[in-house]
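None of the figures in this text is laboratory data; all of them are computed from the coordinates on show. Not measured: the values here are computed from a predicted model. Counting neighbours? That spans all protein chains shown, and the Cβs are built from the backbone with ideal geometry, glycine included.
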Amino acid sequence: MADSDNQELLERIEKLEKINKELKDEKTELKAKYKGVDVEEFISLKNEFDTLENEKAKLEKANKTLANDLEKSNSVIAEKDSNISKLLVDDGIVKALNTLQDHKLNDGALELATLAIKSKGVEIVDGVAMVGDKPMNEFISNDWLQDPASRNLVTEHPSSGGGANGGNGKSEVNKPQTTEEAITEMFQNN
C-alpha cells in the first residue's frame with residue numbers, strides 16, 4: 001500500500017511541477033510583454049480608472065433622473081399651453097362677439113356661438129386667436145355673421161325709422177329662436 005501511495009504522490013508532484021512550469025512561463029511572457037511598466041503607476045492608474053467609472057455611473061444616474069424630470073416638466077408645460085390656448089380662443093371669441101357693431105348675441109347663445117366658431121378651426125398664432133388666415137374679430141365680423149347658421153344666434157340692432165316690419169325695427173328673419181331650433185338650423189345649413 002505504501003508503493004501505491006508513493007506512486008500517487010509522485011503523480012501529484014508531477015502535475016504540480018507541470019502547473020508550476022506553465023505559471024512560470026506565463027509570468028516570463030507577461031514580464032517581457034510589460035517590461036518597463038511601473039507597477040505603482042499601473043496601480044495608481046487602475047484606481048483612477050475605477051474612480052472615474054464610479055463617477056460615470058453616478059452621472060448617468062443623475063442624467064436619467066434629470067431626463068425624467070424634464071419629461072415631466074415638458075408634459076406640464078404642454079398641458080398649461082393647451083389650457084392657455086383654450087382660454088385665448090374662448091376669450092377671443094367672447095370678446096369678438098361682445099364687440100359686434102350692428103349685431104347683438106341672443107340671450108343664452110354664447111356657448112352655442114362659441115362652439116360654432118370653434119368648429120371653423122380656431123388656432124393660436126403668435127398669441128392671437130386666428131381662424132384660417134384671419135384674426136378672430138375679423139372672421140366673426142366678416143365671415144361668421146354672413147353664415148346663415150349665425151342668424152339664429154345673433155339679432156341685428158334695431159334701426160330707427162321703422163322699415164317694412166311695421167316700425168318696430170325687428171326683422172322676422174333674425175327672430176330669436178329656442179336653442180334646439182338654432183342647433184337644428186345650424187346643422188341643416190352646414
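Take the alpha carbon gyration tensor of the range 60-142, find the square roots of its eigenvalues, order them as a ≥ b ≥ c, and report rounded if a/c is under 1.5; if not, report prolate when a/b exceeds b/c, else oblate.
Cα axes put the range 60-142 in the prolate bin.
A 27 angstrom limit on the alpha carbon distance is what I want to check against. Which of K80/K118; K24/K46; K72/K134; K33/K61 exceed it?
Cα-Cα > 27 Å for K72/K134; K33/K61; rest within.
Where the Cα atoms of the range 60-103 are projected onto their three principal axes, how long is each span, largest first, in whole Å?
65, 8, 5
Sorting check: for 36-42, 85-91, 64-70, which peptide has the highest mean count of neighbouring beta carbons within 10 Å, and how do the rest follow?
In descending order of packing, they fall as 85-91, 64-70, 36-42.
For the range 18-35 and the range 84-107, what is the separation of their Cα centres, given in Å?
90 Å
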